[in-house]
1. Answer yes or no as to whether residue 197 is farther than 18 Å from residue 137 by Cα and over 27 Å from the mean Cα position of the chain (by Cα).
2. Scan the stretch 214-234 and give yes if some residue there is closer than 30 Å to residue 58 by Cα, surrounded by fewer than 18 Cβ atoms within 10 Å (Cβ to Cβ) and at pLDDT 90 or above, otherwise no.
3. For the stretch 145-155, which positions are surrounded by fewer than 16 Cβ atoms within 10 Å (Cβ to Cβ) and under 18 Å from residue 177 (Cβ atoms)?
4. Does residue 40 count as outside the structural domain of residue 119 (by TED's automatic domain parsing), touching a strand residue (DSSP E or B) at 6+ places or on another chain (Cβ under 6 Å) and part of a helix (DSSP H, G or I)?
5. Quick one: which residue in 61, 91 is outside any strand (DSSP E or B), at pLDDT below 95, over 17 Å from the mean Cα position of the chain (by Cα) and crowded, with 16+ Cβ neighbours inside 10 Å?
6. Kindly provide the set of residues from the stretch 94-116 that are within 14 Å of the chain's Cα centre (by Cα) and assigned to a helix (DSSP H, G or I), ordered by number.
7. Do we have residue 141 as modelled with pLDDT of 95 or more and surrounded by fewer than 16 Cβ atoms within 10 Å (Cβ to Cβ) here?
């Protein structure tokens with residue numbers, strides 16, 4: 001049996017295989033239990049295997065790649081349009097096979113175990129930061145019920161925490177008991193976040209690509225390590241614009257005939273990387289023209305013309321293109337503006 005291309009629909013327990021020959025005729029349709037997958041593909045000659053870039057896809061891509069197969073990860077949103085009629089495992093596997101044959105298809109880079117390990121640190125930190133924010137908001141909301149409020153920011157929160165820990169008139173002991181638990185939770189989350197950041201920085205200092213990315217103003221160790229771990233080989237993107245589009249930093253477009261209309265950014269792709277780039281851009285804007293920093297005329301004019309928010313997104317787009325050039329060409333940032 002000649003199998004040139006296989007679509008593999010991933011699942012927890014039951015996997016669906018759809019294979020075609022060189023003439024795109026169906027020659028294989030099979031269901032596999034999880035324990036049968038590696039043995040089945042080890043018995044096949046090297047072929048091209050496509051999977052949706054979903055949960056566990058990178059693990060299976062590495063395992064099947066070690067067996068000599070060429071593995072391609074297809075974005076799930078691109079596969080959806082090839083599903084005909086009812087959605088079943090067999091239909092999904094067939095759709096993956098058809099999507100791989102599209103001449104303009106873009107595939108997701110396969111991440112190594114090291115990359116995924118660093119991203120686990122980032123995702124864990126992101127979760128803890130959300131929990132810390134929720135805890136702080138709960139503290140503020142509960143204390144406001146007793147007339148205790150403070151300005152936004154870390155200084156204001158610190159004053160509220162001090163009021164919780166010290167005997168304060170007007171705060172019942174029952175309320176203090178619950179708020180003390182929230183205060184302890186906030187302290188524990190803060191310590192855990194700092195511990196994760198230290199581990200990320202250790203990896204950042206040991207990785208050449210991450211160190212070079214950190215030379216870009218507005219991209220610190222967190223952003224640099226996240227980019228290096230998420231992208232891997234930037235040469236899979238043809239240009240910096242393709243990379244920025246992959247991050248969702250390019251505008252939506254509705255065009256017809258000679259009329260071209262563009263709207264807000266697409267916000268497709270990795271929202272975590274996009275958020276880090278935009279936050280870094282806001283930092284650059286805050287320091288642009290400050291004492292000891294030479295102002296960037298393009299950035300100053302853009303901010304005055306379009307506002308701070310849009311200027312930050314435009315700068316994040318520009319930084320994404322620079323990051324692509326650094327990763328693809330092995331260079332360091334040589335710009336004049338420093339932060």
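1. Values: farther than 18 Å from residue 137 by Cα: yes; over 27 Å from the mean Cα position of the chain (by Cα): no.
Answer is no for this residue.
2. Yes, the stretch 214-234 contains a residue that is closer than 30 Å to residue 58 by Cα, surrounded by fewer than 18 Cβ atoms within 10 Å (Cβ to Cβ) and at pLDDT 90 or above.
3. Going through the stretch 145-155, the residues surrounded by fewer than 16 Cβ atoms within 10 Å (Cβ to Cβ) turn out to be 145-147, 149, 151-155.
Within the stretch 145-155, 145, 146 meet the criteria.
4. Values: outside the structural domain of residue 119 (by TED's automatic domain parsing): yes; touching a strand residue (DSSP E or B) at 6+ places or on another chain (Cβ under 6 Å): yes; part of a helix (DSSP H, G or I): yes.
For residue 40, the condition - outside the structural domain of residue 119 (by TED's automatic domain parsing), touching a strand residue (DSSP E or B) at 6+ places or on another chain (Cβ under 6 Å) and part of a helix (DSSP H, G or I) - is met.
5. On the way: 61 fails: at pLDDT below 95.
The match here is 91.
6. 115, 116
7. Values: modelled with pLDDT of 95 or more: yes; surrounded by fewer than 16 Cβ atoms within 10 Å (Cβ to Cβ): yes.
Considered against the rule, which asks whether it is modelled with pLDDT of 95 or more and surrounded by fewer than 16 Cβ atoms within 10 Å (Cβ to Cβ), residue 141 comes out as yes.
Per-residue answers, yes or no, for (1) closer than 23 Å to residue 277 by Cβ; (2) surrounded by 13 or more Cβ atoms within 10 Å (Cβ to Cβ); (3) at pLDDT 95 or above:
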residue	(1), (2), (3)
166	no, no, no
177	no, no, no
181	no, no, yes
186	no, yes, yes
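The values are calculated or read from the model by the stated rules, or taken from the named source; none is laboratory data. All values derive from a computational prediction rather than experimental measurement. Counting neighbours? That spans all protein chains shown, and the Cβs are built from the backbone with ideal geometry, glycine included.
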